[in-house]
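Written below as structure tokens is the structure these notes are about.
Readers should treat all values here as calculations from the given coordinates under stated rules, not as data from a laboratory. In this text the structure is predicted, and so the values were computed from the model without any measurement. Cβ placement follows ideal geometry from the backbone for every residue including glycine, while neighbour counts extend to all protein chains displayed.
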């Protein structure tokens, strides 16, 4: 089984997907529907937008999903199809498109709303709780991080990326208060991340509730192939379950390490990261699982894949 991975926020960069747009008609068709779905000129944002433009949550989310769906279109054009899909955080929407759960238009509409809601939430949470954010904890895994955070206030495990890489999120006071416990548990470094919100923590309950209303207006079909959830790290069984899990995802940690282990149990024949960057390919290589995840976000990446096929 071939598995497509789709990246999340943090993988964006100026000019992403431009080479795919210039080469593949399917990518051009995708961009043609994106402006209406996202309510803005997406070609201008992706191709001409600055790094500062793209780091804004309300821009980053639709931009990354569009670039990821463009990479998927390019893979399909080159004869690569998947038997399963998974996406990290925001990337789960692209995975739902690949699995036939969402249309590209609906996925882009949903993530545009998601980005706007999360951008607005950052200011609101800050006004209520003080400074907020996330930090990368290096050197210990998810179980150890969760145990170290027991009894701590306003700080949670957020992105469980690898056996020695976990992102925590919450208030600055909460993260500062947990630093000693994390270091005592074996953390080598705690690195603040430049983000606008404490993503995937209970502090995001407001955006989650709003996303419930957004997603209620969208059709969710049953998956036509295996698609794994960030929340459960298991295969999603139905469209209704997919909708519910995408709401839960906003306030729950991304269980990427567990998700990769679940995918490994299916003995994938190949894995491709469809989208900008190489973050998920790197996480797979550090996960201890067999095989290689190949980046597939540029024309050059696709040429390399074709040579090794």
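Return the tail of the calculated pair distribution for segment 217-257, meaning the percent of Cα-Cα pairs more than 12 Å apart. Each step should come with its number before you reach the end.
Details: 454 of 820 pairs.
That fraction is 55 percent.
Go ahead and collect, in residue order, the members of segment 270-309 whose backbone nitrogen is under 19 Å from a label point 7 Å along the Cα-Cβ direction of residue 191. Inside the label zone: 277-288.
With the alpha-carbon atoms as the only input, what is the per residue convex hull volume for segment 171-309 in Å³? Could you put the intermediate results ahead of the total?
Numbers: hull volume 22.6 nm³, N = 139.
In segment 171-309, the Cα convex hull volume per residue is 163 Å³.
Once you put a point 7 Å from the Cα of residue 123 and another 7 Å from the Cα of residue 164, both along the Cβ direction, what distance in nm separates them? So the label points at residue 123 and residue 164 sit 4.2 nm apart. Ordering 68, 287, 221 from the fewest to the most neighbouring beta carbons within 10 Å gives 221, 287, 68. Mean sequence separation of contacting Cα pairs (under 8 Å, at least six apart), scaled by the length of the chain, corresponds to a relative contact order of 23 percent.
Counting other C-beta atoms within 10 Å, which of 251, 126, 81 has the fewest, and how do the rest follow?
Fewest-to-most ranking of 251, 126, 81: 81, 126, 251.
Scoring 35-45, 1-11 by mean Cβ neighbours within 10 Å over their residues and listing the highest first yields 1-11, 35-45. Using equal-weight Cα scatterers in the Debye expression, the normalised intensity of segment 128-193 in log10 at q = 0.18, 0.20, 0.25, 0.28 Å⁻¹ is -0.51, -0.64, -1.01, -1.28.
If the segment from residue 209 to residue 13 were pulled out straight at 0.36 nm per residue, it would be longer than the present Cα-Cα gap by 67.6 nm. In the chain, the longest principal axis of the Cα atoms and the axis of helix 299-308 are about 80 degrees apart.
Sorting 280, 149 by the number of Cβ atoms found within 10 Å of their own Cβ, with the fewest placed first, yields 149, 280.
From helices alone, the chain scores -15000 deg cm²/dmol at 222 nm; the rule is -39500 (n - 2.57) for each run of n ≥ 4 DSSP H residues, then divide by the residue total.
Our note on the geometry: Cα centres of segment 53-104 and segment 153-179, 27 Å apart. Principal-axis analysis of the Cα atoms of the chain puts helix 104-129 at an angle of about 20° to the longest axis. With the convex hull drawn around the C-alpha atoms of the chain, the volume per residue stands at 117 Å³. The angle between the Cα long axis of helix 25-38 and the main principal axis of the chain comes to about 50°, on a 0 to 90 degree scale.
Expressed to the nearest 5 percent, the antiparallel share of DSSP beta bridges inside the chain is 60 percent.
What separates the Cα centres of segment 113-147 and segment 259-273 is a distance of 28 Å. Working from label points 7 Å from Cα in the Cα-to-Cβ sense, the residue 143 to residue 176 distance is 3.3 nm. Could you give the length gained by full extension between residue 269 and residue 36, i.e. 0.36 nm per residue of separation minus their alpha carbon distance, to one decimal place? Between residue 269 and residue 36, full extension yields an extra 80.2 nm.
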